[in-house]
Amino acid sequence: MSGGERVDWYRLSRLLHRRYEGKIEVLPRVPAFTRGHFSLWYTPGVAGPARENAEDPEASFHNTWRWNTVAVVSDGTRVLGLGDIGPEGALPVMEGKALLFKALGGVDAVPLVHRARSVEKWLELLSLLEPSFGGVNLEDIESPKCFRLLDEARERLDIPVWHDDQQGTATVTLAGLINAARLTGRDLRGMRIVLLGAGAANVALYRLLRAYGVPAGNIVVLDSRGVLHPERGDVEELRERNPWKYRIALETGGGWLGGRGGGPGEALRGADALVAASRPGPGVVRKEWIRGMSRDAIVFAEANPVPEIWPWEAREAGARIVATGRSDFPNQVNNSLAFPAVFRGVLDARARTITDEMAIAAAEELARFAEERGLREDYIIPSMEEWEVFPRVAAATAAKASEQGLARNPLSYEEELERARRVIQATLEKMKLLYQSGLIAPLPEEVEAAIRGVSHAGAQRGQHA
């Protein structure tokens, strides 16, 4: 299979999931070969750390896997690109998330799917599970339930809770916008920004942009009914049904459109940047709308599996910098750049929560890494293969948690950088040893060929664009 051929990733993935029977497993961290070993790790020796944990629950972060383990939890109601496919449908996705946690951040993650649909049952479940984990990654939850769940879980739990579809996407998008602004000679805080789609990703991005210093009046947010603004006919309904969108409508006042409202065409006229996180395209964003934007327009079309507008169409219409959510196009906005490293940092610092300031620190570090490597129109954010970025983002996150007084184990940037590098490098070495020894079975040659070709194919598509 050559790199220029279309790869049927769905078919290959189905075959390989059956072949490997899952993507992760539990392996011992300690020697466990003899009766003496078992006496140490289980009965009678385990009574020692058990008593210590009972007297001081904080000791569980030293005596057990809790220091390095998160729960990846979903009800399967909003799986990216697939919709409401239920817990069993979501399980392969959560397991994949757990794999990325380990491979990119050295974090142990346990995929947990469940049938609890109400926020109350969700919160009860998370509270009951809290003693086993150092953090919680919420995943693939329908809107607006995901907003209330995150807000209330952060209040109730004394460990970090992160919703990747909100905070992860927003963090990486902010990093890309910071560098896109630099490349086009702009100040992000003075740009006119349109957010198309008012779901998990863009509601969180709006909050991060505000925390970063972008004035509310410089942001126009649209949902399926048009611009959010205080004069809209359904604004009182939003107050009850979706207070997060209601708050945006009041704070922005409709941005520079004011109470006139309107659709994407009106909103994008004269705008500097568009971040679309709405529904798969193509054709959701039209070329004529891009033509109406300002010179050197910035377009992020993040829907999967097909962006709201193809990158080459956006550039033909005048966009200078284009990003998508796909790995086969340049400038992939990929949550995986954020969540493994952010959790590496908060776990090592034993932070109690993850704040917007910590997400901004992670975004700035991502942007700084790419800037040091040399910004180009097709390189505004790092790629997943650049593993050196993950310890740096972890360090920035841990340092900010410590600065904000939210760390049980305060760490400086330099201390966490060294620790995170050590943990992540050890994980990479373990995976290589298992693979080289044959304990992880090799992939079929057909799949290896597809993987070798995907980078070449992506480069060709980028040149076409």
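Matching residues to (1) closer than 19 Å to Leu104 by Cα; (2) β-branched (Val, Ile, Thr):
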| site | (1), (2) |
| --- | --- |
| Ala399 | no, no |
| Gln404 | no, no |
| Glu416 | yes, no |
| Ile424 | yes, yes |
| Thr427 | yes, yes |
| Lys430 | yes, no |
| Leu434 | yes, no |
| Gly438 | no, no |
| Ala441 | no, no |
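For (1) within 17 Å of Val161 (Cα to Cα); (2) assigned by TED's automatic domain parsing to the domain that holds Val285; (3) in contact with a helix residue (DSSP H, G or I) (Cβ under 7 Å, 6 or more places away or on another chain), each residue gets a yes or a no:
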residue	(1), (2), (3)
Ala351	yes, no, yes
Thr355	yes, no, no
Ala359	yes, no, yes
Arg368	no, no, no
Tyr379	no, no, yes
Ala398	yes, no, yes
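Tally the residues that are under 23 Å from Gly283 (Cα atoms) and touching a residue at least 40 places away in the same chain (Cβ under 8 Å), restricting the search to the stretch 206-222.
Qualifying residue count, the stretch 206-222: 2.
Condition check: small (Gly, Ala, Ser), more than 30 Å from Glu21 (Cβ to Cβ) and not in a loop (DSSP other than H, G, I, E, B). Does Ala399 satisfy that?
Judged against the criteria, Ala399 is a match.
How about the stretch 308-318: which of its residues are small (Gly, Ala, Ser) and either surrounded by fewer than 24 Cβ atoms within 10 Å (Cβ to Cβ) or assigned to a loop (DSSP other than H, G, I, E, B) (or both)?
Residues satisfying the conditions are Ala317, Gly318.
For the stretch 408-415, state whether one or more residues are surrounded by fewer than 16 Cβ atoms within 10 Å (Cβ to Cβ), more than 30 Å from Glu58 (Cα to Cα) and either modelled with pLDDT under 95 or among the polar types (S, T, N, Q) (or both).
Scanning the stretch 408-415, I find no residue that is surrounded by fewer than 16 Cβ atoms within 10 Å (Cβ to Cβ), more than 30 Å from Glu58 (Cα to Cα) and either modelled with pLDDT under 95 or among the polar types (S, T, N, Q) (or both), so the answer is no.
What helices (runs of 4 or more DSSP H) completely inside the stretch 137-234 contain at least 1 residues that are out of contact with any Pro (no Cβ under 7 Å at 6 or more places or on another chain) and β-branched (Val, Ile, Thr)?
169-183, 200-212
For the stretch 343-363: of the residues being within 15 Å of the chain's Cα centre (by Cα) and surrounded by fewer than 24 Cβ atoms within 10 Å (Cβ to Cβ), which is nearest to Ala204 (Cα to Cα)?
Asp356
Based on this model, can you work out whether Leu82 counts as modelled with pLDDT of 95 or more and either in the same structural domain as Glu130 (by TED's automatic domain parsing) or in contact with a strand residue (DSSP E or B) (Cβ under 9 Å, 6 or more places away or on another chain) (or both)?
Criteria not met by Leu82.
Condition (residue is farther than 29 Å from Glu25 by Cβ and either in contact with a Leu (Cβ under 8 Å, 6 or more places away or on another chain) or among the charged types (D, E, K, R) (or both)) applied to the stretch 96-118: is it met by at least one residue?
yes
With over 30 Å from Val447 (Cβ atoms) and assigned to a helix (DSSP H, G or I) as the only criterion, which of Gly48, Gly89 stands out?
Matching residue, one of Gly48, Gly89: Gly48.
The values are calculated or read from the model by the stated rules, or taken from the named source; none is laboratory data. As the structure is a prediction and not an experimental result, all values here were calculated from the model. Neighbour counts run over all protein chains shown; Cβ positions are idealised from the backbone, glycine included.
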